[in-house]
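Written below as structure tokens is the structure these notes are about.
The values are calculated or read from the model by the stated rules, or taken from the named source; none is laboratory data. Since this is a predicted model, take the numbers as computed values, not measurements. All Cβ positions, glycine included, derive from the backbone under ideal geometry; neighbour counts span all protein chains shown. Accessible surface areas use protein heavy atoms only, side chains included; no ligands, DNA or RNA. Shrake-Rupley method; radii C 1.70, N 1.55, O 1.52, S 1.80 Å.
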Amino acid sequence: MTVPVFEEYEPAIDCACAGCAVRRRSAARALPVRHGGHPAAHGARRALVLATAAGVVLSCGAAGAAAAAGHAPGAPRVDGGADPEPATPQGEKGPLKGSGASGAPFAGSAVPGTTRADIINRAKRWVSAKVPYSMEKYWSDGYRQDCSGYVSMAWNLGTNEWTGSLAAYGTRIARADLQPGDILLFHNPADPAKGSHVTIFGGWTDYTHNRYVAYEQARPRTRKQSTPMAYWNNSDRYVAYRYKGVTGGAPGSGSSTAFPGAKRFGPGANNKYVTQLGRMLVQRGGKRFYAVGPGPVWGTADQRATQAFQRAQGWRGKEADGIPGPDTWRLLTTGGGRNIPAAGAGGSPNTAVAFPGRGYFKPGQSNSHVDRLGKQLVKKGYGKHYVSGPGPLWTEADRRNVEAFQRAQGWRGGAADGYPGPETWRRLFA
């Protein structure tokens, strides 16, 4: 019998089979010990290959060889479960590479200044370019195409950092203080390749602060999506950091992003923050509320414009009382959230469709809300599962169309179960 030749195969960066996933994790565990790698990782890796070879020789079958490589028929895909968190192995700390490389390591604690707007704009470039994930390749700007290389690029660092070194360039902050351009970092020193990850905070999705817009480099490519705070897995171990060199200049602010306090607004208020609020509201579509101004004296126009902006976010009740709070101020100063809709063009601030409740969307339910949901899904281009209808009776076709819409938002697992919740409803009727 001829003994086949065995060698370590190189996993494809976009292959999701179990074999390639194991090999990529093994490669990441081979980091030097000084950077958090396992001392026994290199020997274990070679032993794994030899054991695989022995298993194939004993089995004397091609099927055995395929199974050893992780490509056997029916091998489970790592993206087949409900967990949407990708494996994120990363390369070591190192210099920039490639034709676009021009940075240099910073001396001591000195870091160059940058604005939040610039951080987010750099992050968006990779999203637009759909940069493929890789712990070994470098994009044209010189940065490594993994999660830590992505943050190094967005923060405009002079080197390619990794999750074990990024914290040195930031100041630890509370999650409640997060602003666009800050990061959420989880570094697992015991096993850097298992769970270690970093995302760029892009702003809260709503006033509950349960979800945020995350910019991240993850398989198969750079993405921007709504993400539970702080991540699907290891959420309590993610730490918020703010880049030490960040300066003012957040989108749409022209001034400080810190909330000055509720006492600065409302009847009788007369100060520069009322003027700043009015100007930001005008920029976000609230010009029609002001006959003159904006100015420093609080008036009905300020309250109506503020309420219109709050309602545009899908807020109701006390959350849309026309008096700015920290969440309203944060969205305005960072350029986040939705603009105030034009009067009579697709709905004024008072015509948004309120979410009726989850109980209307279950098997056996028949009501006007299901009918309205179905028609809006068709209008948005998510009605392919309807053979007839839509109609008032909740069916599997409704659920599958809702699921398609939720997945288009970048949601996975329980967040894309096909049953509408408040955020699904808000986005669908936006």
Exercise. Taking region 113-135, which residues are part of a loop (DSSP other than H, G, I, E, B) and either touching a Leu at 6+ places or on another chain (Cβ under 6 Å) or modelled with pLDDT under 90 (or both)?
Worked result: Gly113, Met135
Seminar exercise, completed: When (1) at pLDDT below 90; (2) not charged (D, E, K, R); (3) not in a loop (DSSP other than H, G, I, E, B) are applied to Thr227, the one that fails is (1)
For this session: Identify the residue in region 389-408 that is under 23 Å from the mean Cα position of the chain (by Cα) and without any contact (Cβ under 8 Å) to a residue 24 or more places away in the chain and, among all such residues, is most open to solvent (accessible area, probe 1.4 Å).
Result: Arg407
Seminar exercise, completed: Residues in region 296-320 that are part of a loop (DSSP other than H, G, I, E, B) and buried (at least 16 other Cβ atoms within 10 Å of the Cβ) total 5
Problem set entry | Tabulated pairs, region 231-244, first small (Gly, Ala, Ser), second in a helix (DSSP H, G or I) and surrounded by fewer than 16 Cβ atoms within 10 Å (Cβ to Cβ), C-beta under 8 angstrom, 6+ apart or interchain | Ala240/Arg175; Ala240/Asp177
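Please work out if Asn156 is open to solvent by 10 Å² or more (accessible area, probe 1.4 Å), of a type outside the set (Lys, Arg) and within 18 Å of Ala129 (Cα to Cα).
Details: open to solvent by 10 Å² or more (accessible area, probe 1.4 Å): yes; of a type outside the set (Lys, Arg): yes; within 18 Å of Ala129 (Cα to Cα): yes.
Answer is yes for this residue.
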For this session: Considering only region 296-320, state which residues are touching a residue at least 24 places away in the same chain (Cβ under 8 Å) and among the β-branched types (Val, Ile, Thr).
Result: Val297, Thr306
For this session: Report, by residue number, each residue of region 256-271 that is modelled with pLDDT under 90 and surrounded by 15 or more Cβ atoms within 10 Å (Cβ to Cβ).
Result: Thr257, Phe259, Pro260
Exercise. If you check every pair at least six apart or on different chains, which have Cβ atoms under 6 Å apart with a residue in region 321-341 that is under 16 Å from Tyr273 (Cβ atoms) and open to solvent by less than 20 Å² (accessible area, probe 1.4 Å) first and a residue that is part of a helix (DSSP H, G or I) and among the hydroxyl-bearing types (Ser, Thr, Tyr) second?
Worked result: Gly322/Thr306; Pro324/Thr306
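Yes/no per residue for (1) touching a Phe, Trp or Tyr at 6+ places or on another chain (Cβ under 8 Å); (2) among the aliphatic types (A, V, I, L, M); (3) under 26 Å from Gln310 (Cβ atoms):
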{"position": "Trp155", "(1), (2), (3)": "yes, no, no"}
{"position": "Gly170", "(1), (2), (3)": "yes, no, no"}
{"position": "Ala176", "(1), (2), (3)": "no, yes, yes"}
{"position": "His197", "(1), (2), (3)": "yes, no, no"}
{"position": "Thr205", "(1), (2), (3)": "yes, no, yes"}
{"position": "Ala218", "(1), (2), (3)": "yes, yes, no"}
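Tell me the residue from Tyr386, Tyr382, Tyr419 that is assigned to a loop (DSSP other than H, G, I, E, B), among the hydroxyl-bearing types (Ser, Thr, Tyr) and more than 28 Å from the chain's Cα centre (by Cα), please. Explain how you work it out, then say what you get.
Details: Tyr382 fails: more than 28 Å from the chain's Cα centre (by Cα); Tyr419 fails: more than 28 Å from the chain's Cα centre (by Cα).
Just one listed residue meets the conditions, Tyr386.
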Problem set entry | Matching residues, region 189-228, being polar (S, T, N, Q), over 21 Å from Ala129 (Cα atoms), touching a residue at least 24 places away in the same chain (Cβ under 8 Å) and open to solvent by 10 Å² or more (accessible area, probe 1.4 Å) | Thr205
For this session: Report the residue count in region 115-138 for those that are over 15 Å from Ala218 (Cβ atoms) and surrounded by 19 or more Cβ atoms within 10 Å (Cβ to Cβ).
Result: 5
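Out of the residues in region 409-430 meeting the condition of being in contact (Cβ under 8 Å) with a residue 60 or more places away in the chain and within 18 Å of Thr395 (Cα to Cα), tell me which one is surrounded by the most Cβ atoms within 10 Å (Cβ to Cβ). Full working, then the answer.
Filtering region 409-430 down to residues in contact (Cβ under 8 Å) with a residue 60 or more places away in the chain leaves 409-415, 419-423, 425-426, 429-430.
From what is left, the residues that are within 18 Å of Thr395 (Cα to Cα) are 419-421, 425.
On the way: Tyr419: 16, Pro420: 26, Gly421: 15, Trp425: 23.
Ranking the candidates gives Pro420 first.
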For this session: Looking at (1) in contact (Cβ under 8 Å) with a residue 40 or more places away in the chain; (2) touching a Ser or Thr at 6+ places or on another chain (Cβ under 9 Å); (3) assigned to a helix (DSSP H, G or I), find the lone condition where Ala167 falls short.
Result: (2)
For this session: Could you please tell me which pairs satisfy a Cβ distance under 6 Å, a separation of 6+ or placement on different chains, a first residue in region 352-373 that is under 23 Å from Arg311 (Cβ atoms) and at pLDDT 85 or above, and a second residue that is open to solvent by less than 50 Å² (accessible area, probe 1.4 Å) and not in a loop (DSSP other than H, G, I, E, B)?
Result: Tyr360/His369
